[in-house]
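What follows is a short report on a single structure.
The values are calculated or read from the model by the stated rules, or taken from the named source; none is laboratory data. No experiment lies behind these values; they were computed from the predicted model shown. Note that we place each Cβ from the backbone using ideal geometry, even for glycine, and neighbour counts take in every protein chain shown.
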Amino acid sequence: MKIKIFYFARLKETLKFSTEDLELPDDAFAQALTILKLKALLAKRSDVWQQMLLGKLKVRGAINHELVDDNAKIVDGDEVAFFPPVTGG
Amino acid sequence: MTVRVQTEDFDVGFELNQLRHVRKDTGAIVSFVGQVRDLNDGDTVTRLTLEHYPGMTEKALEGIINQAKTRWNFFDALIIHRVGSLKPTDQIVLVAVSGAHRVEAFKACEFIMDFLKTEAPFWKKEVTQDGERWLEAKQSDDLARERWAKTIA
């Protein structure tokens with residue numbers, strides 16, 4: 001499966017990533033992929049990734065431009081985004 | 001409904017005048033303007049940078065107006081939100097709601113701002129004398145949104 005991931009604000013700045021295309025083998029893991037499982041997978045990249053995605057900072061997720069919770073399911077072709085709580089207005 | 005995310009400034013007088021003429025049975029327009037403060041958490045702020053998630057932002061703002069529409073019978077709503085680099089006293093956001101009477105317009109305007117603050121993907125970073133820092137989300141903003149869950153329009 002192929003997904004696109006976007007990072008914003010503090011995450012983008014600290015991870016030095018604004019967007020990436022991620023390809024995963026179509027196995028049982030991919031079929032059961034959720035926001036939380038994707039965070040855990042990305043967190044294995046380094047300590048910084050671990051801290052940013054599973055640390056003290058609250059990270060919100062979106063799938064295809066909709067805010068979702070950690071248990072939301074990700075499927076092939078989805079656009080996923082990770083960002084801190086919003087501070088506009 | 002109009003939703004605009006832009007780097008340019010906006011003219012509140014012009015925008016409200018446009019809204020006045022959408023329908024001749026409009027009797028009330030309520031507007032809110034948010035602007036950059038030169039002070040935050042006791043520190044002097046010299047610049048503010050606003051980042052957003054293109055695509056999702058517009059959809060989220062339209063969704064907020066649609067949610068407001070299910071609760072109040074207003075005529076039209078406008079949201080303009082700026083992004084990019086701003087300085088103290090610069091305008092950040094305009095929310096304007098028109099209706100037959102003031103009550104619906106007041107409530108819808110406040111509802112839209114409370115949801116914009118907590119659900120629209122914008123992030124502020126400010127420059128102070130000590131350097132740059134990302135703003136933290138405020139619990140008071142979450143509480144402001146939560147109270148709508150308990151209120152019946």
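List of remarks:
- Strands (runs of 3 or more DSSP E) lying entirely in the range B:17-92 (those with 1 or more residues that are polar (S, T, N, Q) and more than 13 Å from every other protein chain (Cβ to nearest Cβ)): B:28-35, B:43-52, B:84-86
- Evaluating A:Ile74 against the criteria (1) crowded, with 16+ Cβ neighbours inside 10 Å; (2) of a type outside the set (Asp, Glu); (3) closer than 29 Å to B:Thr49 by Cα leaves one unmet condition, (3).
- Scanning the range A:42-67 for residues that are buried (at least 16 other Cβ atoms within 10 Å of the Cβ) and within 11 Å of the chain's Cα centre (by Cα) yields A:Leu42, A:Ala43, A:Trp49, A:Met52, A:Leu53, A:Val59, A:Arg60, A:Gly61, A:Ala62, A:Ile63.
- Some residue of the range A:66-74 being in contact with an Asp or Glu (Cβ under 8 Å, 6 or more places away or on another chain) and either within 30 Å of B:Gly34 (Cβ to Cβ) or of a type in the set (D, E, K, R) (or both): yes
- Residue in the range B:114-123 that is part of a helix (DSSP H, G or I), touching a His at 6+ places or on another chain (Cβ under 8 Å), within 13 Å of chain A (Cβ to nearest Cβ) and closer than 25 Å to B:Tyr53 by Cβ present: yes
- B:Glu132 vs. criteria outside any helix (DSSP H, G or I), within 14 Å of chain A (Cβ to nearest Cβ), surrounded by fewer than 18 Cβ atoms within 10 Å (Cβ to Cβ) and at pLDDT 95 or above: yes
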